[in-house]
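The values are calculated or read from the model by the stated rules, or taken from the named source; none is laboratory data. These numbers come from a predicted model, not from an experiment. As a convention, Cβ positions derive from the backbone with ideal geometry for all residues, glycine included, and neighbour counts pool all protein chains shown.
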Amino acid sequence: MSTPERPVAAGSGAGGSAVGAGGWAVGAGGFSWPEPAGMRDAWCGQLRAADAGRRVRLCGWVARRRQHGEHLAFVDLRDRTGTVQCVVDGAHDLRSEYVLAVTGTVRARPEGTANPNLPTGEVEVGDCSVEILAQAEPPPFPVTDRVEADEAVRLRYRYVDLRRERMQANLALRARVNAAIRRAMERQGFIEVETPLLWTPTPEGAREFAVPSRMQPGSFYVLPQSPQIAKQLLMVSGVDRYYQIARCLRDEDLRADRQFEFTQLDAEASFVTQEDVHRFISEAVLDAAEAATGVRPPPIEKMTWADALDRYGTDKPDLRFGMELVDLTKQLAASEFRAFRAPAVKAIRVPGGGQLGRSRLDSLVERAKALGAPGLVWMRVAEGGDLDGPGAVLRHIGAGERAAVVAATGGEPGDLLLLVAGEHRTTCTVLGQLRVDLGRPPVWEGPHRYVWVVDFPLFEGIDDEGRPVAAHHPFTMPHPDDLDLLESDPLAVRSQSYDLVLNGWELGSGSIRIHRADIQSRVFSALGISAEQAESRFGFLLGAFRYGAPPHGGFAFGIDRLVALLAGEENIREVIAFPKTQSGADLMTGAPKALDARSLAELGLAIRRQ
Ligand code: ASP
């Protein structure tokens, strides 16, 4: 299904509170603007009818200018709080984006000229004297939320783009979220500790950025994928409760929800259980959401990984909409249609989907196959409640079975049922993806549904050499009830790891860590990491553990993603001041750039041209 366009703001000018015309929260959550100071004594966007008669000095940019004859101009002046109309007499050469200081008197607009779409629309500033603080070239695109400029141009002139109401609101929202997170963590006794950026490989599994050392040519630092090892060392140090709003760097392909560098709330605590970690983090997330939207979400529910897979076909369920997976294995176990005699048969019900035409249905079948399903069977619920669909399938399904399918799925006339049969996990994940394709509302719609997904498997599968692959990182503590299975049935071992999911986006993950050397060496050996390899990769951490490691666990969640969802943005670039493009370029600075020969020589590097 195509993604609907995000609505574009209908009016310009930020309000001091409530939600901007485009749906983004401008000053929600008890937020108020700072006292004006310095060269100004009032904010443009804050003037109201009650200010009439006040003499004010405003500073800002010319958002719009309408000339009335030679000697009268209406100038909309913009600062970060919004715009206000200034009536300027006399000849001035005032152009878009000029930077002005305007001194004038606030007055009610003449009868019939108020603008109800603008928070300052009842007033204007008259008797103005104007000082031009800086001239400006014409902006590369209009600075308004009503016109969506090409993204490459926006990124090239990001400093202009950020003047728009939507971007100002996003940056302010991000700052409120960070501040609320800090307050929540401090209140719960966490202390902020900064950890190095020039570091050594981290075991998160992503590709890493390397930084050449000038003092030791041929040697490299690695930028941290997360402060994972550092925070575990801090637990050995007795810090007990650590947090950091940390920058993490991963050299991975960029997507709408991924940049090379991103910001996490990173936290770790000693002598805690999973439940304690969930409580600490939930508090920070709910406080942040409240600071952003003004409304505190309800307590965060929990779901096991197995349940999430069974019901939603994914470990990041979007709970804003239904269309849950329905198990039909029993109902169809005796079916004459052989494909249905499989380890699992599951279905989703698409309300009203009976309307979909043949070519759309064919493309769903292709999509299911591309996702790994052996096939996809579709059926419509007909008037009267019986099933209708391809004869090749329905011919082999008895009336009793058809009725059982309709009853299990809750099918109503006009609905479409999509069935997949096969191995349990594939059946679930394929239907889970189709559920999202067909039913997922746009990001800015519906409530924010947070969920903790718990009891992840310790290993996510088997690699080409027959070794289990760690689902989180190799320091994740197995579930105490499953320790016996570590060697005999590794894929059945649950871990003490957990994810936090919001509307189908993984916000972050964490785990209780292994602090005991005997369990760690069993996990390393299951992963095929030899004692020597472990020593060379993580020797300093394992060494530290020999000096008294407390039981500990933690979590990290992506602030870019949280803020994007709270702002109703589909792309995290919209909540990052200076992001990179999909191909990793910074269009404003031109980075990454070649280094000159001298710098290369100093670093002991030579570039080999392919
Ligand atoms: N370091 C992990 C990550 O960045 C989170 C954690 O386990 O605390 O995903």
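A few notes on this one:
- Of all residues in region 305-318, those being out of contact with any strand residue (DSSP E or B) (no Cβ under 6 Å at 6 or more places or on another chain) and in contact (Cβ under 8 Å) with a residue 24 or more places away in the chain number 8.
- The combined condition, being more than 16 Å from the chain's Cα centre (by Cα), part of a strand (DSSP E or B) and of a type in the set (Lys, Arg), is fulfilled by LYS302.
- Enumeration of residues in region 473-507 that are touching an Asp or Glu at 6+ places or on another chain (Cβ under 7 Å), part of a strand (DSSP E or B) and within 15 Å of the ligand (Cβ to nearest atom): ASP499, TRP505, GLU506
- Top-ranked residue of region 239-255 - restricted to ones that are out of contact with any Ser or Thr (no Cβ under 9 Å at 6 or more places or on another chain) and outside any strand (DSSP E or B), ranked as farthest from the ligand (Cβ to nearest atom): ASP253
- Cβ separations smaller than 7 Å between residues 6+ apart or across chains give the following pairs from region 438-459 residues that are closer than 22 Å to GLU283 by Cβ to residues that are surrounded by fewer than 18 Cβ atoms within 10 Å (Cβ to Cβ) and acidic (Asp, Glu): VAL451/GLU301.
- Residue check for ARG183: in contact (Cβ under 8 Å) with a residue 40 or more places away in the chain, within 22 Å of ASP586 (Cβ to Cβ) and more than 11 Å from the ligand (Cβ to nearest atom): no
- Whichever residue in region 328-343 is surrounded by fewer than 19 Cβ atoms within 10 Å (Cβ to Cβ) and of a type outside the set (Gly, Ala, Ser) and, among such residues, is farthest from GLU401 (Cα to Cα): PRO343
- The residue list LEU541, LEU603, LEU562 contains one member that is modelled with pLDDT under 95, of a type outside the set (D, E, K, R), within 16 Å of the ligand (Cβ to nearest atom) and surrounded by 14 or more Cβ atoms within 10 Å (Cβ to Cβ), which is LEU541.
- Filtered residues of region 240-260 (kept if more than 22 Å from LEU565 (Cα to Cα) and crowded, with 17+ Cβ neighbours inside 10 Å): ASP240, ARG241, TYR242, TYR243
- Residue count for region 31-50, restricted to those that are touching a Ser or Thr at 6+ places or on another chain (Cβ under 9 Å) and more than 16 Å from THR103 (Cβ to Cβ): 6
- Contacts under 6 angstrom Cβ, first residue in region 229-245 being polar (S, T, N, Q), partner assigned to a strand (DSSP E or B) and more than 13 Å from the ligand (Cβ to nearest atom), 6 or more apart: GLN244/GLU192
- Residue match in region 385-394 (condition: surrounded by fewer than 18 Cβ atoms within 10 Å (Cβ to Cβ), modelled with pLDDT of 95 or more and not polar (S, T, N, Q)): no
- Among (1) closer than 16 Å to LEU541 by Cβ; (2) among the charged types (D, E, K, R); (3) out of contact with any Phe, Trp or Tyr (no Cβ under 9 Å at 6 or more places or on another chain), the one test that ARG214 misses: (1)
- Complete set of residues in region 510-529 that are surrounded by fewer than 18 Cβ atoms within 10 Å (Cβ to Cβ), modelled with pLDDT of 90 or more and out of contact with any helix residue (DSSP H, G or I) (no Cβ under 6 Å at 6 or more places or on another chain): ARG516, ILE519
- Among (1) under 30 Å from ASN170 (Cβ atoms); (2) surrounded by fewer than 20 Cβ atoms within 10 Å (Cβ to Cβ) - the single one THR426 does not satisfy: (1)
One line per residue, one yes/no per condition, for (1) in a helix (DSSP H, G or I); (2) not polar (S, T, N, Q):
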site	(1), (2)
HIS396	no, yes
ALA403	yes, yes
LEU419	no, yes
THR427	yes, no
VAL430	yes, yes
VAL436	yes, yes
GLU445	no, yes
VAL451	no, yes
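- Among residues that are farther than 17 Å from GLU268 by Cβ, at pLDDT below 95 and more than 16 Å from the ligand (Cβ to nearest atom), ASP161 is not included.
- Residue list for region 208-238, restricted to those being away from the ligand (no atom under 15 Å from the Cβ) and of a type in the set (Val, Ile, Thr): VAL211, VAL236
- One residue from ALA284, ALA292, ALA267 being surrounded by 20 or more Cβ atoms within 10 Å (Cβ to Cβ), outside any helix (DSSP H, G or I), among the aliphatic types (A, V, I, L, M) and under 21 Å from the mean Cα position of the chain (by Cα): ALA267
- Hits in region 588-602 (condition: within 30 Å of ARG154 (Cβ to Cβ) and of a type in the set (A, V, I, L, M)): MET588, ALA591, ALA594, LEU595
- Test set (1) within 14 Å of the ligand (Cβ to nearest atom); (2) at pLDDT 95 or above; (3) closer than 26 Å to GLY205 by Cβ - ARG258 fails condition number: (2)
- Residue in region 62-113 that is farthest from PRO36 (Cα to Cα), counting only those that are small (Gly, Ala, Ser) and buried (at least 20 other Cβ atoms within 10 Å of the Cβ): ALA73
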